[in-house]
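Read the structure below first, then the notes.
The values are calculated or read from the model by the stated rules, or taken from the named source; none is laboratory data. These numbers were taken from a predicted model, which means no experiment stands behind them. All Cβ positions, even for glycine, are placed from backbone atoms using ideal geometry, and neighbour counts span all protein chains on display.
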Amino acid sequence: MLMSMPIETATSPDALWDALKNRAGGDFFYSVKTTGVYCRPSCASRLPRRENVAFYSSCDAAEAAGFRPCLRCRPRGDSRQAEQARLIAEICRFIEGAEDAPSLDQMAARAALSPHHFHRLFKSVTGLTPKAYADAHRARRVRDGLSAGEAVTTALYDAGYGSNGRFYERSNAILGMTPTQFQRGGAGDIRFAIGQCSLGAVLVAQSEKGICAITLGDDARALAADLQDRFPRANLIGADAAFEATVAQVVGMIDGDQTPDLPLDIRGTAFQQRVWQALRAIPPGETRSYSEVADAIGAPKAVRAVAGACAANALAVAIPCHRVVKTDGALSGYRWGVERKRALLLKEGA
């Protein structure tokens with residue numbers, strides 16, 4: 001256990017400094033000689049000069065050395081970020097428990113904030129606007145109701161949709177298909193084929209709307225089983241000659257420099273789709289960190305949610321989640337294996 005003193009002697013100062021630079025968090029505190037304060041490693045204050053910093057294992061140790069707690073990150077109590085997260089979590093529960101989606105003014109009043117400040121804080125914490133969160137919750141209630149076997153009309157009204165027509169206008173964006181198709185487990189024709197590329201087996205599947213899956217692996221049978229699990233009631237059709245040409249285009253994206261404009265059937269939550277749109281904007285040969293992607297979608301605090309959206313991507317290469325790396329440039333997990341991620345980046349010159 002670390003002693004109540006500067007902890008350079010117990011822990012590598014380089015490791016602590018790296019953690020501080022990356023705002024990676026950790027069970028330590030740091031003081032700044034020029035300001036006389038000490039902070040959490042996650043403090044949003046500007047990074048101080050290394051020679052002015054000392055590290056401590058506890059608040060008591062930092063205060064015994066003559067430093068006072070930072071008013072911004074409040075190391076003695078809950079951080080401002082933690083308080084904000086708790087407040088927004090309470091509002092999320094309020095949204096989920098309301099029969100009808102509450103208005104922005106109602107949510108802001110409950111949070112004791114102005115509508116403008118509340119809207120900005122909610123988006124910063126969750127990555128979604130309050131309206132988008134409420135819409136996503138209603139859509140989830142519809143999906144749950146349809147999956148449980150409720151009639152379409154019942155599921156819509158139970159979720160708070162007052163009009164069938166309004167929902168059907170947006171059903172493809174919300175469910176990725178019509179409510180009846182969703183209720184049938186994605187029923188409909190899906191053509192697929194499995195080919196070979198430099199990264200192993202590649203499965204390409206296409207619905208009536210566009211490419212709905214591009215997956216990579218070593219075992220063709222496992223890829224086919226995964227597709228069946230994803231669309232349990234779909235009519236899976238072995239590809240015809242025309243579809244084989246589409247598979248060849250996907251292989252060209254992986255092994256060559258082709259960038260065909262393929263129609264995509266992108267299915268995900270509102271937040272996931274925002275992340276995936278940002279990934280598609282990353283040029284070949286470049287990478288972005290998870291925090292940079294979070295900044296790009298206007299949700300700087302949603303780094304973990306961004307990582308989750310990358311992991312949920314089912315369209316390898318077409319949605320280039322392989323171009324997202326850690327802050328220090330190191331490769332993190334990849335749904336289809338880190339070695340495949342490395343190979344894709346090397347091919348692109350990243």
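Identify, from the list T259, T246, the residue that is outside any strand (DSSP E or B), hydroxyl-bearing (S, T, Y) and at pLDDT 80 or above.
On the way: T259 fails: at pLDDT 80 or above.
The conditions single out T246.
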Subject >> Selection within segment 33-46 - within 19 Å of Q81 (Cβ to Cβ) and surrounded by 12 or more Cβ atoms within 10 Å (Cβ to Cβ) >> reply: V37, Y38, C39, R40, P41, S42, C43, A44, S45
**OP:** Output yes when any residue across segment 261-279 is over 10 Å from the mean Cα position of the chain (by Cα), surrounded by fewer than 16 Cβ atoms within 10 Å (Cβ to Cβ), free of Cβ contacts under 8 Å to residues at least 60 places away in the same chain and within 23 Å of D229 (Cα to Cα), and no when none is.
**Re:** yes
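For segment 262-275, give me the residue count where each residue is assigned to a loop (DSSP other than H, G, I, E, B), in contact with a helix residue (DSSP H, G or I) (Cβ under 9 Å, 6 or more places away or on another chain) and at pLDDT 80 or above. Outline the logic, then answer.
Going through segment 262-275, the residues assigned to a loop (DSSP other than H, G, I, E, B) turn out to be 262-263, 265-269.
When the remaining residues are screened for being in contact with a helix residue (DSSP H, G or I) (Cβ under 9 Å, 6 or more places away or on another chain), the result is 262, 266-269.
Okay, now just the ones that are also at pLDDT 80 or above, so 262, 266.
Matching residues across segment 262-275 total 2.
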Original post:
Being touching a helix residue (DSSP H, G or I) at 6+ places or on another chain (Cβ under 9 Å), outside any helix (DSSP H, G or I) and within 20 Å of R340 (Cβ to Cβ), is that true of even one residue in segment 294-306?
Top reply: no
**OP:** Among the residues of segment 67-98, write down those that are within 24 Å of the chain's Cα centre (by Cα) and among the hydrophobic types (A, V, I, L, M, F, W, C).
**Re:** A82, A85, L87, I88, A89, I91, C92, F94, I95
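Condition check ((1) part of a loop (DSSP other than H, G, I, E, B); (2) in contact (Cβ under 8 Å) with a residue 24 or more places away in the chain; (3) within 13 Å of P130 (Cα to Cα)) across all residues:
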position	(1), (2), (3)
G77	yes, no, no
E83	no, no, no
E90	no, no, yes
E99	yes, yes, no
D105	no, no, yes
A109	no, no, no
L113	yes, no, no
